[in-house]
Amino acid sequence: MLVLLLLLSGCADRASTGVRFDVRKTPLPRTATSLSVAGGLLLAGGTVWTLSADGPAPAPPPPWGRREEAIVVAADFSGDGAVDFAVLDGGDASVWADGRRVARWPLPEPAKSAAAIDADGDGRMDLYTGHLWRNLGGTRFRDVTVEAGCAVALPEGVRVADFDRDGCQDMVTVDLVDGATRFQGTRDGVFRRVPLQKDGRPIHVDVGDADGDGWTDVLLAGSNHLVVWHNDAGKGFVPRAVTEGAERAAFADVDGDGRVDIVAARATSVSVLLGPSFTSAGGTWPGDTEAPLLVADLTGDGRPDVLKGTTLLVNRR
């Protein structure tokens, strides 16, 4: 009974490891399929929320309407220095700039994830949904997937980084057919496809410097597997399985010691694995079932908080 009361009050103290969260419920929509932060706003599906010390609060409705199950990607698609929004809603894609729709086109299939990437190095942000949509000037986008060599059937997740430091943006995608795939970018906008991991059916991906060597590593989670792929100075990746499994996971310095940790989420719980050895911080915290995961500073205090669906874990380290 005491443990239950502690969880409900948000007093889940882990002072011995420097990890402590207050648990709060938020008014976010349960049907939101994605979570992200852009321009001081929280994007939960196609809904927009302001952020404060108290957590997310409703913002005025966005110009595209309240589309809870939409996927929204924030980037400067128009090239004017301001944040624009690509909204993927079912089989429809649109780009919104300065409160108005400036581009719209049909998708071959509804997107499950998406990312902005300057795939050809022309300074314009393209859009990747499993298809690569080349930005032809902010108001027109063209499908160049075949010639770019980066087709993926409904990726569950995608992350963008320059893994080999050649000045070209690369991608890592995860999907239920091919598992995890690295796409190595080139200066002409054509990608070299390199399989990364198929075992364990990874469905969630994050990137970050897991070992502090300055090279961007890859974190894969899914089917209760958790693997860190260490970047070997741009020459390839070396896998390291983590003892605790997870359905979703993210890199972050949760305890503030300057080293990257892992936030691991399962069906209804969240735990923290402390870097660099990624050992358990002890204990678990609640999270929504089958909900997206976001780790970011959501309360303005400079500490990474955890949002699992509608459950907010406020970092009190």
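General remarks:
- Where a residue in region 92-116 is under 28 Å from His204 (Cβ atoms) and outside any loop (DSSP other than H, G, I, E, B) and its partner, wherever it lies, is of a type in the set (Ser, Thr, Tyr) and at pLDDT 95 or above, with Cβ under 6 Å and at least six apart: Ala115/Tyr128
Residue-wise test of (1) within 20 Å of Lys235 (Cβ to Cβ); (2) out of contact with any Cys (no Cβ under 6 Å at 6 or more places or on another chain); (3) of a type in the set (A, V, I, L, M, F, W, C).
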{"residue": "Leu136", "(1), (2), (3)": "no, yes, yes"}
{"residue": "Thr139", "(1), (2), (3)": "no, yes, no"}
{"residue": "Pro155", "(1), (2), (3)": "no, yes, no"}
{"residue": "Gly167", "(1), (2), (3)": "yes, yes, no"}
{"residue": "Leu176", "(1), (2), (3)": "no, yes, yes"}
{"residue": "Arg182", "(1), (2), (3)": "yes, yes, no"}
{"residue": "Gly189", "(1), (2), (3)": "no, yes, no"}
{"residue": "Asp211", "(1), (2), (3)": "yes, yes, no"}
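- Those strands (runs of 3 or more DSSP E) of region 172-277 in which 3 or more residues are buried (at least 16 other Cβ atoms within 10 Å of the Cβ) and of a type outside the set (D, E, K, R) occupy 179-184, 204-208, 217-222, 225-231, 248-252, 261-265, 269-274.
- The single condition among (1) open to solvent by 20 Å² or more (accessible area, probe 1.4 Å); (2) under 30 Å from Ser280 (Cβ atoms) that Leu28 does not satisfy is (1).
- Condition check for Val95: under 21 Å from Met125 (Cα atoms), at pLDDT 95 or above, in contact with an Asp or Glu (Cβ under 9 Å, 6 or more places away or on another chain) and open to solvent by 20 Å² or more (accessible area, probe 1.4 Å): no
- Residue within region 60-71 that is part of a strand (DSSP E or B) and modelled with pLDDT of 95 or more present: yes
The values are calculated or read from the model by the stated rules, or taken from the named source; none is laboratory data. All values reported here derive from a predicted model rather than from experimental measurement. Positions of Cβ are backbone-derived with ideal geometry, glycine not excepted, and every protein chain shown enters the neighbour counts. Accessible surface is based on the protein model in full, side chains and every heavy atom, while ligands, DNA and RNA are left aside. Shrake-Rupley method; radii C 1.70, N 1.55, O 1.52, S 1.80 Å.
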